[in-house]
Amino acid sequence: MEAGDFQKLAVKQYPPRSIRETAEGKFWKSFGSPVLTQHVGPVSTIDFSPAAPYDFAVTSSTRVILYDSALRKPKKTITRFRDIAYSGTFRPDGQLVVAGGETGIVQVFDPGSRAVLRQMKGHSRAVHFARYAPDKTHIASGGDDATVRYWDSPAQAQLLCLEGHTDYVRCGAVSPANGDMWATGSYDHTLRLWDVRAGASVLRLDHGQPIEALAFFPSGGLLVSAGGNYLNVWDILAGGRLLRRVSNHQKTITSVALATPRGATFAGGAAAPRLLSGSLDGHVKVYDINDFKVTHASRYPAPVLSLGVSPNCTTLAVGMTSGLLSIRTQEGSRRATAAPVGRGGRGMLGLRPKARKRQRQQLQPGTYRYFLRGQAEDAPAGALVLPRDRAPRLAAHDKLLRRFQYREALDAALHGGRPEVVVSVMEDLVARHGLCSALAGRDAAALQPLLAFLVRYAVHPRYARLLLRVAHKVLDLYAPTLGRAPQVDTQMELLRERVLVEVRLQQSLHALQGLLQPIIAASISAGT
Amino acid sequence: MAMATGGGRLVSHPPVPSPDGKRCLICSGTTIRVHSVATGEQLLILQGHSAAVTAIVIEGFKLGGNLVEGGQGAGELSQAWSASLDGTIRQWDYVRGSMLRTVTVGYPIKSMVVPGLGDRRGLAAYGRNAYLSVWWKHGQEPPQARGPSVKLQKKPKVKKKGKKTGAPESKDDSNREGMGDGSHISVPEHRDAEGNPVEPEDGKPVVSGSDGRRSGRVLQFDLAKGEIVLPFLARTNEPHHLVDSLRGGLVGTYDQHTVLVWRTADNKEVRLHHTKPIRNIAFHPSETMVAAGDASGRILAWYDVGALRDASDQDQAASTSAPDKALHRRILREGRAGFEGRTSGQLIGSPRAGGAGNTRFGKGGVRLGDDASALSTWHWHANAVGALVFSEDGAYVLSGGEEAVLVLWQVETGVKQFLPRMGAPIRYIAGMPDPTLFAVSCQDNAIRFVNTASMKVVQTIQGIKPAPATPKKTPFVSFSPIVEPAEGRLVLPSPNATLQVYDVFRDRQAAELQVAPRNFTAPPKQGQELPAVVVSHATFSADASVLVTIDAMEPEENIGSGLCLKFWEKEASTSGYRLNTRVDEPHTAAVTSLVFHPSARMAVTTSLDGDFKVWVPGPNSSARSAAEPSVSWRCRSVGSYRSEPLRCAAFTWDGSLLAVGAGETLTLWNTVSGGLMCALPPGLSPDQSIIRVESAHGSHFLVLTARGKGARPMLVAWNLLTMSVWWAYHLQVKELAMDPRSSRFAVLILDPEERPKAAPVGRKKAGGKGRPRERAGYVVAFEAHSPTPLVAWRLQKAGGASLVFLPPAPGSGKSRDSQLLIATRDRELRQPRVRLDTKQSMGSCRQQNSPHKVEKPQRAWACGPGASSSVDRRTCYLRSQESCQHLWRRCCSKDKIFDRSLFPDCFGRVFVITGYFLEPSSRAQQTFF
């Protein structure tokens, strides 16, 4: 250190608290904070359009709301339902929307004009599942009348009525490998695989619990069914062998989705396929599909009823029983997708800036610009460049420590809100024998942040050794003034509670240690 | 005999620049060191004085940027005069490094100025008249003008044996280097056993006179003629620094509350008085203006000093002509009004005038009776003003003090500029020929050259820093100096939690490492110490790639004490050390030792909490970026022995065993498996506990020191093969150093003859209360396998000294042996001149193999040159073949135990070492290697 230089406060560094972060965790953390929308009723279905720009349909109460994925705002609302609507889903090219409903009618809408194009009547009770086949002309639907029906959409005619389920049919999916193979799940705990060419059930699998959701793996060989608080993964090609049972939720799993990005152009391992499940316990969990271990979990404020992932894996929409819809978008991707849209919009409005060539202004001597000229230019190659003698940038607490203003320095650190900085400042003050003077002589307003900090961190294992002593000193200093400022009294009470909780924890840990010690001793003696 | 090899204080006296500004002359003990200002490198050492050099005056001056020689010939261009406590003034050629002549004054000189020696007109006007501030003993005959006592050197050579003219001295004085001649006035010479002159810390020479009362005198001395011109200018309580003005018009000093000023033309004295003790004074280069710093931190500036008396003199001279008198009074009055107009500082007179009733203070705040027109006061320093100097043009005053802040005052306006954080309290400031450059002597033994235009330190001459203060309330003390094994550099703890890496062979600082990065902060009150952070332990790995330190912080009101264990890895690019791992609170109680494995990467800490921990490197699981090291240190295992507090640990030299001292028991642990091998009491009483254990290199011996309440301290050598005590002494070992290249070791023991109550002879100190008294001691070297001491030296100042074995100097191809180095408390490095000879040690090894068959003891140990002659006064080679034979006989005959053996010490007294010797136990050859 050269004489005259001020040494910045060395802020203590601690090892990261959590275990090493996985790539998966990083990927899901890159999804920004959610955009929350309140709907009238529970959000029962979320379906992303398979075609770009991946708009999505949200079914809630008597409406199907079409969301713009870029703006994350409702674009159209289809309200042509007499009763509660279910299962609003897009046709594979995204041009039409089909929805079931409490009335038992399967309806086809034009998302642009919101007009009802087709109505297919046949179900005697509510239809909870309706979906287009990949050939874009057929629709499969399942309802509470325990039947699965197969429709010809252009002709508005029922082709098949598949019977076999003995309870409500609640979900279904078409095999990505073969557009004629459909899987449906029912509350009779079974999952049936239908071949519409034969018009009959070819496979029946027992899940063990009422099935709430189904999803095919992209290969079409594996099928995952959700019911109760577990997922079952079935190997269809092996004749319906149960491959794995995954149980990570506390309550019924209501939705399951497979995120299978097609274009591997995104950062952070977005190309890997993932399995997501949402449950009534309010969690959405992400599984690695190799070993079905949870790689990421996130919590939502209400029981999760539905979830959807955009086909490019950049938008995650979660619907809840309270009618709340949460939309999260990956940060980098949003900018990438939003930019062309915006530019196009401006172009249409005629506001696109002209590619005007800026003429170089002739500088007038005597103007301010004239004196600033040439400062932004780079030095030519080979020129001797002298670095500018800049004063080092100092944090607020450093500046105050340099001026020996100890109390202000502590206040600045407290204001910054980083506990390691506060603790480092306190230790530096101890080394200067200035901590007591920095703590003393505060009024209620100045004491407030210090007490709040102590309440939060005094029993934290990293800082407790120093902060407990500081808390003692603060109590010694300010105990006589108790009862004068209500805010201070509240904080003191909070501090007391925190310490009590910690003491109880320590006692239970001691008890546990006492229990373990004989066991460990016995194991050691047995080992030797 | 030990001689100083390095270190030494550079900042006891102000540095003096050469007129061309290229060199800087520094008083360092008895020598003058010539350094280059541009590089900071040492160019020359001028040796010759026999006591501390206190002042240097340089002949030659600068005019208009060109150097003009001060005298007739060009040879005088590089001449300097130095004054010393040995009572002589010597003239040197500081470029060629030769001593030109010696002038004897006869009194210990504290300070010297030669007004006008830096100015051609001055030299012409005043000649080489020196003003000296000397120690004067009561009852001594008053100094008189004497005849010439100048002796020209026959050969202008530094290393010249002096001619003996004084009282007969013992023979070995003849090999003292550069002893000057002509000491026909009996100047009390004080030397310690090493032949080095004693210089007390405060510069007071040791007095052994009749009543011992001493005071200071200021006298005038003609250097050219070598005679005292004016024997008595003033008497002071003790001699202080003399200051002269740049053009040579004024000379001054201070005494308690008074400033004394003489005009060099007629030696007329002016006294200025103040209410606080004065600490230093400075003169304006061209005007009759005097500035003084006091103990409360105020800077006072008197204007027109001596003008009143001039006026009255002229009045008397011109009393016949009344109009002249009136005219003169008018001039004086107007001049004084002019001064009042420009004194813009806070006038001290105005607030006080009311209280004092205008009786003590005259106009402008000057005391009545003081001969000055006005007084202004500047106050910024919180503590005493440490240094004060005017700039060359007189426009600025520079001051410094305890706060380690260099303050630049504008004389006209009192506006301040600061250069804070100079690193340590400022002791002296000296102007350089370059008007923007100043040399600042700081307390941390550094001379920093400050450019006042850019307010930056441009160059630093760094000596060995002083030892850090020990905090009173905590058990943490700094570690003893250690040696960096790779390059053989000395690593010393220094203040502000810094390690100083010092190259002993080149006598300069090699590097610096701040263990706990903190800014220097001055203590809040004067005299209060702020120890802050102490590096209590430090150790290197065998290849010096890893440095391990423990730093401890003194708590403030029980808040925030903390130990911190740090692992530093050597960086290949910069060869500095970079922090790798920090472990907060490695133990719950104080850490007592820190050792590193001799070959593997493994460190062990022991603590009073009863645990020892083994630290090894492992993959860094918490690295968040590629910039962080991929390897971090972690605790591999924790061991304890019956929850005894552990005070020491050592690896055996091959690294297979770890010895840990647990109370009075020595426990041995397998370093690989971590299992306890055995626990054996090394013959200690239960009250004692082992406080230090070391392993002798290349042998199967452990050396322990132990002490305890109610038990006598012990030094024990323990044989690992026989698992028994090999030999032991009852010795209070202060320091223990192991030779890393042989099985030798050295211990420092305090002189048991000196009782704390008995005041040392002639060491009466006024105001010396509380200062740690210097105790004498002995440094004794042993071979681990033999109780016979190899050699011993007496050390005058043993308190706080430490021992270190240095590897041989890189250039010296012939010797492979380590050199023993003694670092005194004042951080002076001394090296015993006698080498421990390997061959002779081997002889004693044979002797050890068959202790029962010793018929005629061989010349077992090194005696060194001259030891066969009569008893050396200063060096005590435990010259006791007889007594060792005696010792051997006794331990062989009387049931293997002896209790008292006699060692003659250096002063012919009897120095009793009590010890005992145990037979090697029968269950020998228990192999652990």
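The values are calculated or read from the model by the stated rules, or taken from the named source; none is laboratory data. Only a predicted model underlies this, so the values are computations on that prediction, with no experimental measurement involved. In this analysis, Cβ positions are derived from the backbone assuming ideal geometry, glycine residues included, and neighbour counts consider all displayed protein chains. Surface areas here come from the heavy atoms of the whole protein model, side chains and all, with no ligands, DNA or RNA. Shrake-Rupley method; radii C 1.70, N 1.55, O 1.52, S 1.80 Å.
Tell me, which residue of the range B:539-550 that is open to solvent by 10 Å² or more (accessible area, probe 1.4 Å) and of a type outside the set (Ser, Thr, Tyr) is farthest from the other protein chains (Cβ to nearest Cβ)? Break it down into steps so the answer makes sense when it comes.
Start the filter on the range B:539-550 by keeping residues that are open to solvent by 10 Å² or more (accessible area, probe 1.4 Å), which leaves B:539-540, B:542-543, B:545.
Adding the requirement that they be of a type outside the set (Ser, Thr, Tyr) leaves B:540, B:542-543.
Numbers: B:Phe540: 22, B:Ala542: 29, B:Asp543: 27 Å.
In this case the residue turns out to be B:Ala542.
Within the range A:332-351, does at least one residue satisfy the condition of being at pLDDT below 80 and over 30 Å from A:Ile65 (Cα atoms)? Break it down stepwise before answering.
Looking only at the range A:332-351, we keep the residues that are at pLDDT below 80, and these are A:332-351.
From the residues that got through so far, the ones that are over 30 Å from A:Ile65 (Cα atoms) too are A:350-351.
Yes: one or more hits.
Condition test on A:Glu427, is it out of contact with any Asp or Glu (no Cβ under 7 Å at 6 or more places or on another chain), closer than 16 Å to A:Ala395 by Cβ, charged (D, E, K, R) and within 13 Å of another protein chain (Cβ to nearest Cβ)?
Details: out of contact with any Asp or Glu (no Cβ under 7 Å at 6 or more places or on another chain): yes; closer than 16 Å to A:Ala395 by Cβ: yes; charged (D, E, K, R): yes; within 13 Å of another protein chain (Cβ to nearest Cβ): yes.
Answer is yes for this residue.
Quick one: in the range B:702-721, of everything that is at negative phi and outside any strand (DSSP E or B), which residue is least open to solvent (accessible area, probe 1.4 Å)?
Filtering first and then ranking leaves B:Leu720.
Check B:Ser724, B:Ser699, B:Ser656, B:Ser689 and return the single one that is under 25 Å from B:Gly777 (Cβ atoms), open to solvent by less than 40 Å² (accessible area, probe 1.4 Å) and among the hydroxyl-bearing types (Ser, Thr, Tyr). Lay out the reasoning, then the answer.
Values: B:Ser724 fails: under 25 Å from B:Gly777 (Cβ atoms); B:Ser699 fails: under 25 Å from B:Gly777 (Cβ atoms); B:Ser656 fails: under 25 Å from B:Gly777 (Cβ atoms).
Within the list B:Ser724, B:Ser699, B:Ser656, B:Ser689, the selection yields B:Ser689.
Assuming A:Leu9 fulfils every condition listed in (1) open to solvent by 30 Å² or more (accessible area, probe 1.4 Å); (2) touching a helix residue (DSSP H, G or I) at 6+ places or on another chain (Cβ under 7 Å); (3) within 14 Å of chain B (Cβ to nearest Cβ) apart from one, which condition is it?
(1)
Restrict the check to the range B:725-739 and report whether at least one residue is under 30 Å from B:Pro485 (Cα atoms), of a type in the set (D, E, K, R) and over 34 Å from the mean Cα position of the chain (by Cα).
The answer is no; no qualifying residue exists.
Test B:His284 against the stated conditions and say whether it is open to solvent by 60 Å² or more (accessible area, probe 1.4 Å), in contact with a strand residue (DSSP E or B) (Cβ under 7 Å, 6 or more places away or on another chain) and not aliphatic (A, V, I, L, M).
Values: open to solvent by 60 Å² or more (accessible area, probe 1.4 Å): no; in contact with a strand residue (DSSP E or B) (Cβ under 7 Å, 6 or more places away or on another chain): yes; not aliphatic (A, V, I, L, M): yes.
No, not satisfied.
Check off (1) within 14 Å of chain A (Cβ to nearest Cβ); (2) open to solvent by 40 Å² or more (accessible area, probe 1.4 Å); (3) among the polar types (S, T, N, Q) for B:Ser643 and give me the number that stays unchecked.
B:Ser643 satisfies every listed condition except (1).
Starting from the range A:382-410, take each residue that is away from chain B (no Cβ under 14 Å) and list its partners that are buried (at least 18 other Cβ atoms within 10 Å of the Cβ) and in a helix (DSSP H, G or I), counting only C-beta distances under 6 angstrom and pairs at least six apart or across chains.
Listed pairs, sorted by first residue: A:Ala396/A:Ala412; A:Arg407/A:Ala438; A:Glu408/A:Leu400.
Where in the range B:551-607 are there strands (runs of 3 or more DSSP E), lying wholly inside it, with at least 1 residues that are at the interface with chain A (Cβ under 10 Å from one of its Cβ atoms) and touching an Asp or Glu at 6+ places or on another chain (Cβ under 9 Å)? So that I can check it myself, show each step before the final result.
Working: elements: B:562-570, B:577-584, B:591-596, B:603-607.
Those strands (runs of 3 or more DSSP E) span B:562-570, B:577-584.
Please pick out the residue among B:Arg427, B:Arg421 that is within 14 Å of chain A (Cβ to nearest Cβ) and open to solvent by 40 Å² or more (accessible area, probe 1.4 Å).
B:Arg421
Pick from B:Asp315, B:Asp304: which is at pLDDT below 90 and within 26 Å of B:Phe232 (Cα to Cα)?
Values: B:Asp315 fails: within 26 Å of B:Phe232 (Cα to Cα).
Criteria check complete, one pass: B:Asp304.
Determine if the range B:480-493 includes at least one residue that is of a type in the set (A, V, I, L, M), open to solvent by less than 30 Å² (accessible area, probe 1.4 Å), touching an Asp or Glu at 6+ places or on another chain (Cβ under 6 Å) and more than 14 Å from chain A (Cβ to nearest Cβ). Steps first, please.
First, pick out the residues of the range B:480-493 that are of a type in the set (A, V, I, L, M): B:482-483, B:486, B:490-492.
Okay, now just the ones that are also open to solvent by less than 30 Å² (accessible area, probe 1.4 Å), so B:490-492.
Pick out the ones that are also touching an Asp or Glu at 6+ places or on another chain (Cβ under 6 Å) and you get B:491.
If we keep only those that are more than 14 Å from chain A (Cβ to nearest Cβ) as well, we get B:491.
Scanning the range B:480-493, I find at least one residue that is of a type in the set (A, V, I, L, M), open to solvent by less than 30 Å² (accessible area, probe 1.4 Å), touching an Asp or Glu at 6+ places or on another chain (Cβ under 6 Å) and more than 14 Å from chain A (Cβ to nearest Cβ), so the answer is yes.
Residues to consider are A:Arg456, A:Arg418, A:Arg462, A:Arg498; find the one that is more than 18 Å from B:Glu556 (Cβ to Cβ), open to solvent by 20 Å² or more (accessible area, probe 1.4 Å) and either touching a His at 6+ places or on another chain (Cβ under 7 Å) or within 10 Å of chain B (Cβ to nearest Cβ) (or both).
A:Arg462
B:Thr460 fails exactly one of the following numbered conditions: (1) within 13 Å of another protein chain (Cβ to nearest Cβ); (2) within 23 Å of B:Ser36 (Cβ to Cβ); (3) at pLDDT 90 or above; (4) buried (at least 19 other Cβ atoms within 10 Å of the Cβ). What is the number of that condition?
It is condition (4) that B:Thr460 fails.
Looking only at the range A:471-485, decide whether some residue is more than 10 Å from chain B (Cβ to nearest Cβ), exposed (fewer than 15 other Cβ atoms within 10 Å of the Cβ), closer than 30 Å to B:Val534 by Cα and at pLDDT 90 or above.
So far as the range A:471-485 goes, yes, one or more of its residues are more than 10 Å from chain B (Cβ to nearest Cβ), exposed (fewer than 15 other Cβ atoms within 10 Å of the Cβ), closer than 30 Å to B:Val534 by Cα and at pLDDT 90 or above.
Go over the candidates A:Arg125, A:Arg118, A:Arg192 one by one and state the one that is in a strand (DSSP E or B) and open to solvent by 40 Å² or more (accessible area, probe 1.4 Å). Lay out the reasoning, then the answer.
Values: A:Arg125 fails: in a strand (DSSP E or B); A:Arg192 fails: open to solvent by 40 Å² or more (accessible area, probe 1.4 Å).
When all the criteria are applied, what remains is A:Arg118.
State which residue is surrounded by the most Cβ atoms within 10 Å (Cβ to Cβ) when the search covers only the range B:494-516 and only residues that are within 14 Å of chain A (Cβ to nearest Cβ) and within 21 Å of B:Ala542 (Cα to Cα).
Start the filter on the range B:494-516 by keeping residues that are within 14 Å of chain A (Cβ to nearest Cβ), which leaves B:494-500, B:509, B:511-516.
Right, trim to within 21 Å of B:Ala542 (Cα to Cα) and you get B:499-500, B:511-513, B:515.
Values: B:Leu499: 26, B:Gln500: 24, B:Ala511: 16, B:Glu512: 15, B:Leu513: 20, B:Val515: 23.
Out of the qualifying residues, it is B:Leu499.
In the range B:1-53, which residues are among the β-branched types (Val, Ile, Thr) and open to solvent by less than 10 Å² (accessible area, probe 1.4 Å)? Give the steps one after another, and end with the answer.
Keep residues of the range B:1-53 that are among the β-branched types (Val, Ile, Thr), which gives B:5, B:11, B:16, B:26, B:30-32, B:34, B:37, B:39, B:45, B:53.
Passing the criteria: B:Val11, B:Ile26, B:Ile32, B:Val34, B:Val53.
Quick one: in the range A:298-316, which of the residues that are in contact with a Phe, Trp or Tyr (Cβ under 8 Å, 6 or more places away or on another chain) and small (Gly, Ala, Ser) is surrounded by the fewest Cβ atoms within 10 Å (Cβ to Cβ)?
Taking the range A:298-316 first, the residues in contact with a Phe, Trp or Tyr (Cβ under 8 Å, 6 or more places away or on another chain) are A:298, A:308-316.
Keeping just the survivors that are small (Gly, Ala, Ser) gives A:298, A:308, A:310.
On the way: A:Ser298: 20, A:Gly308: 24, A:Ser310: 25.
The residue in question is A:Ser298.
Conditions (1) among the hydroxyl-bearing types (Ser, Thr, Tyr); (2) within 30 Å of A:His472 (Cβ to Cβ), marked per residue:
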| residue | (1), (2) |
| --- | --- |
| B:Ala542 | no, no |
| B:Leu547 | no, no |
| B:Ile550 | no, yes |
| B:Glu554 | no, yes |
| B:Trp568 | no, no |
| B:Ala589 | no, yes |
| B:Ser593 | yes, no |
| B:Ala603 | no, no |
| B:Gly610 | no, yes |
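Restricting attention to the range A:178-189, which residues are within 18 Å of A:Ala238 (Cβ to Cβ) and either in a strand (DSSP E or B) or basic (Lys, Arg) (or both)? Please lay out each step first, then the result.
We begin by selecting, within the range A:178-189, every residue within 18 Å of A:Ala238 (Cβ to Cβ); these are A:178, A:181, A:183.
Passing the criteria: A:Met181, A:Ala183.
Please give the helices (runs of 4 or more DSSP H) falling wholly within the range A:365-452 in which 1 or more residues are in the same structural domain as A:Pro480 (by TED's automatic domain parsing). Give the steps one after another, and end with the answer.
On the way: elements: A:368-372, A:396-402, A:406-416, A:419-431, A:435-439.
The helices (runs of 4 or more DSSP H) meeting that bar are A:396-402, A:406-416, A:419-431, A:435-439.
Say whether the condition of being aromatic (Phe, Trp, Tyr), within 40 Å of the chain's Cα centre (by Cα) and part of a strand (DSSP E or B) is met by at least one residue in the range B:668-678. Give the steps one after another, and end with the answer.
Initial filter on the range B:668-678 (aromatic (Phe, Trp, Tyr)): B:669.
Subsequent filtering for residues that are within 40 Å of the chain's Cα centre (by Cα) retains none.
Within the range B:668-678, none of the residues are aromatic (Phe, Trp, Tyr), within 40 Å of the chain's Cα centre (by Cα) and part of a strand (DSSP E or B).
Restricting to the range A:430-445, and then to whatever is open to solvent by less than 30 Å² (accessible area, probe 1.4 Å) and among the charged types (D, E, K, R), can you tell me which residue is nearest to the other protein chains (Cβ to nearest Cβ)?
Out of the qualifying residues, it is A:Arg432.
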